[in-house]
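Undergrad: I'd like to ask some things about the structure below.
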Amino acid sequence: MIRFLTAGESHGKALTAIIEGFPSNLKITKSYIDAQLKRRQMGYGRGGRMKIETDTAEILSGIRYGKTMGSPISLLIRNKDWENWTDLMDAEQKMKGSIKITIPRPGHADLTGVSKYNLFDIRNSIERSSARETAARVAAGSVAMRLLEAFNIHIGSYVESIGGIFPTQNFAERIYSNKISKNFNASELSVKADRSSLRVLDKNQEEKIIKKIKTAKKTGNTLGGTFFVVATGVPLGLGSFMHYDRKLDADIASAIMSINAVKGVEIGKGFQNAMEFGSNAHDEIVMAGENISRKTNRAGGLEGSISTGLPIVVRGAMKPIATLMRPIKSVDLKKMRGVVARRERSDFVAVPACAVIGETMLAWVLANHLIIKFGGDSIEEMKDNFNNYNKKLHGRIRKNFRK
Ligand code: EPS
């Protein structure tokens, strides 16, 4: 229903995103998009590039006087570092004296990229496989986030662990036990996480992780970790079990897995539940006064691939950054002999940024399913559809089963 495309190389002139299919009259400003871009750049353990860039979006089309027009929205993020790469990244002329990259880094897209695309220089693979592309995704995803906010749907994230260091209490457990306030707004999680240099919720844990990152830096190593992305206010009924490509959980897993370096995705207590008896894994249906309610939310807000109305909880695992300053073994493709892998400026840890990207990817999927279910050409039309459905939902269940 909605689409976006990104283009741009890590050290090219700019990144762009074209977003299509949003309703008209959605309020959005450049400063809203820029605030999300800034959040993606933060985090202890980032590399030198983040000192060069101050990512901001130029709105090229689709927004007038602070509102969407229904037309394709195009956004441009300039790469400041491009000024140092104009010759190396020239579209026509090969730079005189430029040296090919011939040693692939294990864990990066270097070897698979040059093999598959028949490239003559690993640089050609690095440029697009770099996580720099996620800046364009965050810009696109922030438009989706704004759409959700118009329906009181909020998204937040936090880092659960880095380098195997976990908090003493995981906030997600409170969501799984459904003991969280009905008014809990997931963006509060981000407000809290953004106060930490690692986007963790536990100060003790932060200190321990910083120590470990310092050790990683000293020893030329990198770290990965796990993060949570949560959505609140999602109405019951997004997604469907009717066909594999209509499933909301599958779309969420795909969107999170698409983030660079993510190797694992879990919804609710997915992996833990696989070890439990069924009676300990599912969420009992109970009456709370007049209303149907759930004792727990171990399913993470999804049952039968449809949103239950409870918070959606997604957990992602990011592998350690593949560029090591004390590299592991590789092969020089020119000399065809064993060497150590190449070093290149990079981050030591990027899990905090990954969580922010996770927010925008989840926002994109939820905005898409919201538009599928309540779609209209203007935000006003969509709101009418949304309010009408929600107003009648519970009454309909009662009426249908009383007959
Ligand atoms: C990134 C930009 C990149 C890296 C990092 C993320 O810039 P550069 O290569 O010029 O330092 O800092 O990318 C990776 C760690 C990676 O493996 O691709 C960014 O904007 O997030």
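Undergrad: Distances over 18 Å make up what percent of all Cα-Cα pairs in region 1-109?
TA: Value for region 1-109: 62 percent of Cα pairs lie more than 18 Å apart.
Undergrad: Quickly work out the Ser258-to-Asn118 label distance, labels modelled 7 Å from Cα along the C-beta direction, and quote it in nm with one decimal.
TA: For the pair Asn118/Ser258, the computed spacing is 2.8 nm.
Undergrad: Do any trypsin sites (Lys or Arg not before Pro) in region 260-307 lie in a DSSP loop with no more than 16 other beta carbon atoms within 10 Å, and if so, which?
TA: Counting only loop positions with at most 16 other Cβ atoms within 10 Å, the trypsin sites (Lys or Arg not before Pro) in region 260-307 are Lys295.
Undergrad: Using the alpha-carbon atoms, what tilt in degrees (0 to 90, nearest 10) does helix 379-402 show relative to the longest principal axis of the chain?
TA: 50 degrees
Undergrad: Then there's this: Of the candidates Ile73, Ile63, Ile292, which one comes out as most mobile in a Gaussian network treatment of the chain with C-alpha springs shorter than 10 Å?
TA: Comparing Ile73, Ile63, Ile292 in a Gaussian network model of the chain, the most mobile one is Ile292.
Undergrad: Given the -39500 (n - 2.57) contribution per DSSP H run of 4+ residues, what per-residue ellipticity at 222 nm results for the chain, rounded to the nearest 500 deg cm²/dmol?
TA: -10500 deg cm²/dmol
Undergrad: Could I ask something else about it? In nm, give the distance between the simple-model label positions of Asn152 and Lys383, each being 7 Å from the Cα along the Cα-to-Cβ direction.
TA: So the two model labels end up 1.3 nm from each other.
Undergrad: Still on this structure, please answer the following. So what does log10 I(q)/I(0) come out to for the chain at q = 0.12 Å⁻¹, using the Debye formula with one equal point on every Cα and no solvent?
TA: So the normalised log intensities work out to -1.00.
Undergrad: In nm, give the distance between the simple-model label positions of His243 and Ile99, each being 7 Å from the Cα along the Cα-to-Cβ direction.
TA: My value for the distance between the label points is 5.4 nm.
Undergrad: Now for a separate question. Can you tell me how much longer the chain between Asp332 and Lys214 gets when fully stretched, taken as 0.36 nm per residue apart minus their C-alpha distance, in nm with one decimal?
TA: So the extension gain works out to 39.5 nm.
Undergrad: Test of understanding: in a Gaussian network model of the chain with alpha carbons linked when under 10 Å, which of Ser197, Ser346, Ser115 would top the mean-square fluctuation ranking?
TA: Taking springs between Cα atoms under 10 Å, the residue moving most is Ser115.
Undergrad: Another question about this same structure. Mind giving me the FRET efficiency for Arg402 and Lys67? R0 is 56 Å, r the Cβ-Cβ distance, nearest 0.05 is fine.
TA: 0.80
Undergrad: Any idea which of Ala216, Asn170, Ser31 is furthest toward the positive side of the dipole for the chain, if Lys and Arg beta-carbons carry +1 and Asp and Glu beta-carbons -1?
TA: Value computed over the given set: Ala216.
Undergrad: Sticking with this one: Identify the GluC sites (Glu not before Pro) of region 249-302 meeting these criteria: DSSP loop state and at most 13 other C-beta atoms within 10 Å of the C-beta.
TA: Listed in order of number, the matching sites are Glu276, Glu284, Glu290.
Undergrad: Subtracting the Cα-Cα distance from 0.36 nm times the residue separation, let me have the gained length for Lys182 to Asn204 in nm, one decimal.
TA: Extending this stretch completely gives an extra 5.1 nm.
Undergrad: Evaluate the Kirkwood expression for the hydrodynamic radius of region 262-403, namely the inverse of the mean inverse distance over all pairs of different C-alpha atoms, and round to one decimal in Å.
TA: Kirkwood hydrodynamic radius for region 262-403: 19.9 Å.
Undergrad: A further question follows. For Phe271 and Tyr32 in the same chain, what is the full-extension length gain: residue separation times 0.36 nm, less their Cα-Cα distance, in nm?
TA: 82.5 nm
Undergrad: I would also like to ask the following. How do Ile213, Ile285 rank when sorted from fewest to most other Cβ atoms within 10 Å of their own Cβ?
TA: Ile285, Ile213
Undergrad: With point charges of +1 on the Cβ of Lys and Arg and -1 on the Cβ of Asp and Glu, referenced to the Cα centre of the chain, which listed residue (Leu5, Ser71, Pro311) lies farthest in the positive direction of the dipole?
TA: Of the candidates, Pro311 comes out farthest on the positive side.
Undergrad: May I pose another question? As I understand it, the value is the acute angle between the Cα axis of helix 134-149 and the longest principal axis of the Cα atoms of the chain; what does it come to in degrees, rounded to 10?
TA: So the inclination is approximately 10 degrees.
Undergrad: Another question, if that's okay. May I ask for the angle, rounded to the nearest 10°, between helix 351-374 and the longest principal axis of the chain, with both axes built from Cα atoms and the value confined to 0 to 90°?
TA: Between helix and principal axis, roughly 40 degrees.
Since every read-out is calculated from the coordinates, none of them should be taken as a lab result. Worth saying up front: this structure is predicted, and the values here are computed from it rather than measured. Methodologically, a virtual Cβ is constructed for each residue, glycine included, from the backbone with ideal geometry; neighbour enumeration extends over all protein chains shown.
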